Amino acid sequence: SLFFYTSFSIGVVSQTSSVGNYDKVVAKETEIMKTMKMNISKLKLDDNNARKHSQRNLDSIKRSLEKFGQQKPIVINESSVIIAGNGTFIAAQELGWEAIEVVITTLKDDDQGAFAIADNRIAELASWDYPILAEQLDSLLDKDFDLEIMGWSEHEIEPFLLAEWKPPNIESLDDVIV
């Protein structure tokens with residue numbers, strides 16, 4: 001059962017190029033993404049979800065939801081199967097939520113599965129700027145902020161809060177020649 005809709009524009013991508021004596025503006029307007037609050041009991045986990053959530057991960061998501069609320073919708077298909085946000089869904093269920101914000105994807109078939117994998121994998125490819133991270137975490141610690149809300153345990157952050165700590169030198173798989 002749907003409760004209400006909200007919408008927001010994904011954005012407009014525009015590009016200007018000079019052609020002859022005039023500027024030609026090429027714009028691609030994206031669709032408006034519509035989010036809705038949906039009863040949790042109507043949603044289904046994806047049986048083919050390759051991403052597994054440990055209890056520590058789910059506990060971190062729950063703490064984040066309790067502190068910050070839901071800041072981004074989960075992605076479902078037209079059959080109410082969760083494509084992205086399975087961990088958020090499980091955590092919300094464990095918290096006793098009755099409804100959650102969702103967006104219905106327009107992707108079809110294999111694109112849904114590919115997006116689910118990309119949504120999880122692409123975040124793994126990012127890296128931390130450890131000096132900036134250490135500075136931000138240290139600042140939050142000074143304000144007695146519970147860092148476990150963000151998924152960090154004390155023993156994980158202690159090493160890089162030390163001034164001389166450097167992250168291990170791990171080569172990217174993209175740089176490895178086979």
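The values are calculated or read from the model by the stated rules, or taken from the named source; none is laboratory data. Note that the structure is a prediction, hence the values are computed from the model and not measured. Don't worry about glycine lacking a Cβ; one is built from the backbone with ideal geometry, like all the others, and counts go over all protein chains shown. Accessible surface areas use protein heavy atoms only, side chains included; no ligands, DNA or RNA. Shrake-Rupley method; radii C 1.70, N 1.55, O 1.52, S 1.80 Å.
Here are some notes:
- Residue by residue, the stretch 58-71 carries 3J(HN,Hα) couplings of 5, 5, 5, 4, 4, 4, 5, 4, 5, 7, 9, x, 7, 9 Hz when phi is fed to the Karplus relation 6.51 cos²θ - 1.76 cosθ + 1.60 (θ = phi - 60°); x denotes Gly or Pro.
- Put simply, the amide H of Q70, placed in the peptide plane, has no neighbours under 5 Å, leaving out anything fewer than 5 places away on its chain.
- Distant-in-sequence amide H partners of I83 (H built 1.01 Å from N, under 5 Å): V75, I76, N77
- Around the amide H of M33, modelled in the peptide plane, lie the amide H atoms of F8, I10, all under 5 Å away and 5 or more residues distant in sequence or on another chain.
- Residue-wise HN-Hα couplings along the stretch 95-110, as the Karplus relation 6.51 cos²θ - 1.76 cosθ + 1.60 with θ = phi - 60° gives them from phi, are 7, x, 5, 9, 9, 8, 6, 9, 10, 8, 6, 9, 5, 10, 6, 4 Hz; Gly and Pro carry x.
- Per-residue SASA entry for H53, accessible area with 1.4 Å probe, Å² rounded to 10: 60
- Among the listed pairs K67/K108; K42/K62; K34/K143; K34/K108; K37/K143, those beyond 25 Å (Cα-Cα): K67/K108; K34/K143; K37/K143
- Sites listed here are chymotrypsin sites (Phe, Trp or Tyr not before Pro) in the stretch 120-164 whose DSSP assignment is loop and whose Cβ has at most 11 other Cβ atoms within 10 Å: W128.
- Sparse-neighbour loop sites [GluC sites (Glu not before Pro); the stretch 74-125; at most 13 other C-beta within 10 Å; DSSP]: E78, E98
- Applied to the stretch 113-127, the Karplus parametrisation 6.51 cos²θ - 1.76 cosθ + 1.60 on θ = phi - 60° returns per-residue 3J(HN,Hα) values of x, 5, 5, 4, 5, 4, 4, 7, 6, 4, 4, 5, 7, 6, 10 Hz, with x for Gly and Pro.
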